[in-house]
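Step one of this worksheet: look at the structure below.
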Amino acid sequence: MITIRYARYLHHAISRPAMLLSALLLCMLPVLAGCANTNNPAASGSPAGTGAEEAAHKLTIMLDWYPNAVHSFLYAAEAEGYFAEKGLEVEIQMPADTNDALKLVAAGKVDLALSYQPQVLMARGEQIPVKSIAALVRHPLNHLMVAADSGITRPGELSGKLAGYSSVPLYEAMLNTMVKSDGGDPSSLKLVDVGFELIPALSTGRVDGIMGGFINHEQLILEQQGHPVRSFNPVDYGVPDYYELVLAASEQGLQDSQGFYQKFVDAIRKGQQYVAGHPDEALKLLLAHQEDTAPLDEVIEQRSLEILLPLMDAGSQPFGYQDSASWEQVNQWLMENGLLAADVDIKNAYINF
């Protein structure tokens, strides 16, 4: 069973007690009731019993944004019964702020969260004990975008021009790296924080380029609105090929419930297989879960899914697999750009199931 609880969240142009006597009786009858302590790593994820009456284990996951095509694997895992097969009941929550998810995971307010590879490393640099347990989108979706008719054909040509970005120091560092890598002068860039107004900032000509827009969202909307863009992949201009979207847990959560997290990853692997094999059906499942205050455009989400599927494919490795070389390269780039508050041991930043 999947439950969706909506909190206040950001939108582009766009957080009973059980009866004491019953609990005591259950724990006094471990053989009959299978009472297990999920804080015991040895028992983590182990079935409490084999009877059909056994309650599912509840897990909460916080999205990175409102439901959209990139989350299709979650809804497929529910609809096709993959969570239920693993004995899980999953509750999806929306972030009140996209920067909240990792802090809430670390604080034990939610079990799992969708975030981004660089942010996991930056959080660990701030002594926030979170760890990535799966790479979901394996390559950057965030590209530098300029109007197609701007005459700008390379990132270096933004030198001396006005660039908008969305309140994230990481995006400023990416932009500077791209311009410098292409022979331009990043010190001559005129940066303006446009917050979440990336689309109107570019479409009205307020800025010459934007950093923070995703090729499976902002670019598609701009083109749909009659504002075609030219986009530049940061990987081609000095930025490491990072995981755009990862699944994160806390170190304490992994200690207490790693077995259940393994079951969750197993279920979403099957969910992603379903999405890849049945994209039209998966899109219908997604649209059935859209939020009234953030309605989805079916055409946009269909095109988004087409872009996402190859970027989520781990090839010969299982969905979610993480490569140590990627973590090393991203960590090194973050250090070089002054984005880590302290040294990070990448061996503790991720785990493969």
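How many residues does region 285-302 hold that are over 21 Å from ALA79 (Cβ atoms) and either open to solvent by 90 Å² or more (accessible area, probe 1.4 Å) or in a strand (DSSP E or B) (or both)?
Here the count works out to 1.
ASP149 passes every criterion in (1) open to solvent by less than 40 Å² (accessible area, probe 1.4 Å); (2) among the charged types (D, E, K, R); (3) closer than 26 Å to VAL194 by Cβ apart from (1). Flag not set for SER132, criterion: open to solvent by less than 30 Å² (accessible area, probe 1.4 Å) and part of a helix (DSSP H, G or I).
Taking region 184-225 as the range and being surrounded by fewer than 17 Cβ atoms within 10 Å (Cβ to Cβ), touching a Ser or Thr at 6+ places or on another chain (Cβ under 7 Å) and not in a loop (DSSP other than H, G, I, E, B) as the test, the residues that pass are SER188, ASP193.
Where residues in region 184-216 are within 27 Å of the chain's Cα centre (by Cα) and at positive phi, which of them is modelled with the highest pLDDT? Steps first, please.
So the first thing to find is which residues in region 184-216 are within 27 Å of the chain's Cα centre (by Cα), and the list is 191-203, 209-216.
Still in the running and at positive phi: 195, 212.
Values: GLY195: 92, GLY212: 96.
The qualifying residue modelled with the highest pLDDT is GLY212.
Mind telling me which of the residues SER166, SER257 ends up being closer than 30 Å to LYS109 by Cα, of a type in the set (S, T, N, Q), open to solvent by less than 50 Å² (accessible area, probe 1.4 Å) and at pLDDT below 95?
Details: SER257 fails: at pLDDT below 95.
Going through SER166, SER257 in turn, the sole match is SER166.
Might you let me know whether region 94-102 holds any residue that is more than 19 Å from GLY212 (Cα to Cα), assigned to a loop (DSSP other than H, G, I, E, B) and touching a Gly at 6+ places or on another chain (Cβ under 7 Å)? Among the residues of region 94-102, not one is more than 19 Å from GLY212 (Cα to Cα), assigned to a loop (DSSP other than H, G, I, E, B) and touching a Gly at 6+ places or on another chain (Cβ under 7 Å), which makes the answer no.
Of all residues being within 30 Å of VAL275 (Cβ to Cβ) and either of a type in the set (A, V, I, L, M) or touching a Leu at 6+ places or on another chain (Cβ under 9 Å) (or both) in region 332-353, which is least open to solvent (accessible area, probe 1.4 Å)? Just the residue, please.
Taking region 332-353 as the starting set, the residues that turn out to be within 30 Å of VAL275 (Cβ to Cβ) are 346, 349-353.
From the residues that got through so far, the ones that are either of a type in the set (A, V, I, L, M) or touching a Leu at 6+ places or on another chain (Cβ under 9 Å) (or both) too are 346, 349, 351.
On the way: ILE346: 22, ALA349: 0, ILE351: 43 Å².
Step by step, filter region 332-353, then rank; the result is ALA349.
Test SER181 against the criterion of being open to solvent by 10 Å² or more (accessible area, probe 1.4 Å), within 22 Å of the chain's Cα centre (by Cα) and not basic (Lys, Arg), and give yes or no. No; evaluated as a whole, the condition is false for this residue. Here LEU121 meets each of (1) open to solvent by less than 10 Å² (accessible area, probe 1.4 Å); (2) within 21 Å of ALA276 (Cβ to Cβ); (3) outside any loop (DSSP other than H, G, I, E, B) with one exception, condition (2).
Would region 69-79 turn up any residue that is out of contact with any helix residue (DSSP H, G or I) (no Cβ under 6 Å at 6 or more places or on another chain) and within 13 Å of LEU245 (Cα to Cα)?
The answer is yes; a qualifying residue exists.
Look through ALA276, ALA282 and report the one residue that is part of a helix (DSSP H, G or I), in contact with a helix residue (DSSP H, G or I) (Cβ under 9 Å, 6 or more places away or on another chain) and open to solvent by 60 Å² or more (accessible area, probe 1.4 Å).
Within the list ALA276, ALA282, the selection yields ALA276.
The values are calculated or read from the model by the stated rules, or taken from the named source; none is laboratory data. Computed from a prediction, not measured in an experiment: that's the story for all the values here. Cβ coordinates were reconstructed from backbone atoms using ideal geometry, including for glycine residues, and neighbour counts include every protein chain displayed. The accessibility values were calculated without ligands, DNA or RNA, using every heavy atom of the protein model including side chains. Shrake-Rupley method; radii C 1.70, N 1.55, O 1.52, S 1.80 Å.
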